[in-house]
Amino acid sequence: MSILAIMNNSESIRYRRKILFVINPISGTKGKENILHKINTTVDANLFEPEIMFTRKKGDAQLIIKEKMAEGYKYFVAVGGDGTVNEVGSAIVNTDCVMGIVPVGSGNGLARHLKIPIDAEKAIQIINRMKVDELDYGTVNGIPFFCTCGVGFDAHIGYRFAKEKGRGFFNYVKVAIIDFIRYKPKKYKVKIDNADKMKVRAFLITCANASQYGNNAYIAPNADMHDGLLDVAIMSPINLLQAPAIGAMLFTRMIDKSTVIQTGKASKVVIKRKREDVVHFDGEPTIMGRKIKITVVNKGLKVFVP
């Protein structure tokens, strides 16, 4: 090797960017045995100097990232599902940091919306290309979300599913079918931007930044993560006979054509209900109070995209 080649190689190594892969070892249904090997063999060593850390509990990712940001890190990769993506993304919004996604969760809603491959090796190759997009994100009572948030049946099922031992799409469907029969739609007061308040009895109310919940279930087929708006879907109460058709429309990107759904776009949505209850954001259920304020932040998140 010539002296010039050695010097060029040394300069390349010297200016490699530090990148942290944050791995959630319990996300999804597949093991993570090959992830370390794929990271070490697929990351472009001329561009990045990878470091790997595992989370042990909810909240770890944000703490880890804040420490690394203080050390000068600007590139962070969420290796997990939408919950992991939410934690990593929440830590870097409104900064010059960039998030990568290696989707190994159950639903992978944001990755699917952005057309990031579910195959880990191909997802890492997207990061190597270093194409960055600035995307909108939402907040629900101040908490960031990137795919969807809402109240009603999907929040209820998310809460129930979180208590189950089994993970994955089919276990989720099983819980949904069991609870559908006994679930009672609730009454809400909804204010969308500056419009008059509406009183509705709804099966669910979803505010979507991205087009889908995950697993290619499209609740907002026309959602655009660059328009500074959320897609709002209010589903009226449905019966058991209607449920299969509604499910089919979710998976064929036709749900916005259903007569049981009202849709619109908004920069701010306020939902009020009789008592505190479950809210979901990016598939994570949590209890919130009677008033829920949902807003959008335009182009507040930087992500590696295809």
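The values are calculated or read from the model by the stated rules, or taken from the named source; none is laboratory data. These numbers come from a predicted model, not from an experiment. Every residue, glycine as well, gets a Cβ built from its backbone with ideal geometry; the counts of neighbours run over all protein chains shown.
Observations, loosely collected:
- Only one of 51, 71, 87 that is within 17 Å of residue 300 (Cβ to Cβ), of a type in the set (Asp, Glu) and at pLDDT 90 or above: 87
- Exclusive hit being farther than 14 Å from residue 301 by Cβ and of a type in the set (Val, Ile, Thr), set 64, 92: 64
- Those residues of segment 173-224 which are touching a residue at least 12 places away in the same chain (Cβ under 8 Å) and in a helix (DSSP H, G or I), in sequence order: 175, 176, 179, 180
- Every condition in (1) of a type in the set (S, T, N, Q); (2) outside any strand (DSSP E or B); (3) under 24 Å from residue 111 (Cα atoms) is met by residue 259 except one, and the failing one is (3).
- Picking from residues in segment 56-90 that are among the acidic types (Asp, Glu) and outside any loop (DSSP other than H, G, I, E, B), the one that is farthest from residue 112 (Cα to Cα) is 67.
- Condition check for residue 139: hydroxyl-bearing (Ser, Thr, Tyr), surrounded by fewer than 24 Cβ atoms within 10 Å (Cβ to Cβ) and part of a loop (DSSP other than H, G, I, E, B): no
- In segment 146-166 there is no residue that is assigned to a strand (DSSP E or B) and not assigned by TED's automatic domain parsing to the domain that holds residue 220.
- Filtered residues of segment 225-245 (kept if touching a helix residue (DSSP H, G or I) at 6+ places or on another chain (Cβ under 7 Å) and not in a loop (DSSP other than H, G, I, E, B)): 243
- If you filter segment 91-101 down to residues that are surrounded by fewer than 21 Cβ atoms within 10 Å (Cβ to Cβ) and either of a type in the set (Gly, Ala, Ser) or in contact with a Gly (Cβ under 8 Å, 6 or more places away or on another chain) (or both), you find that the one that is nearest to residue 62 (Cα to Cα) is 93.
- Scanning segment 40-55 for residues that are hydrophobic (A, V, I, L, M, F, W, C), more than 15 Å from residue 88 (Cβ to Cβ) and outside any loop (DSSP other than H, G, I, E, B) returns a single hit, 48.
- As for segment 90-97, it holds at least one residue that is among the small types (Gly, Ala, Ser), outside the structural domain of residue 281 (by TED's automatic domain parsing) and modelled with pLDDT of 95 or more.
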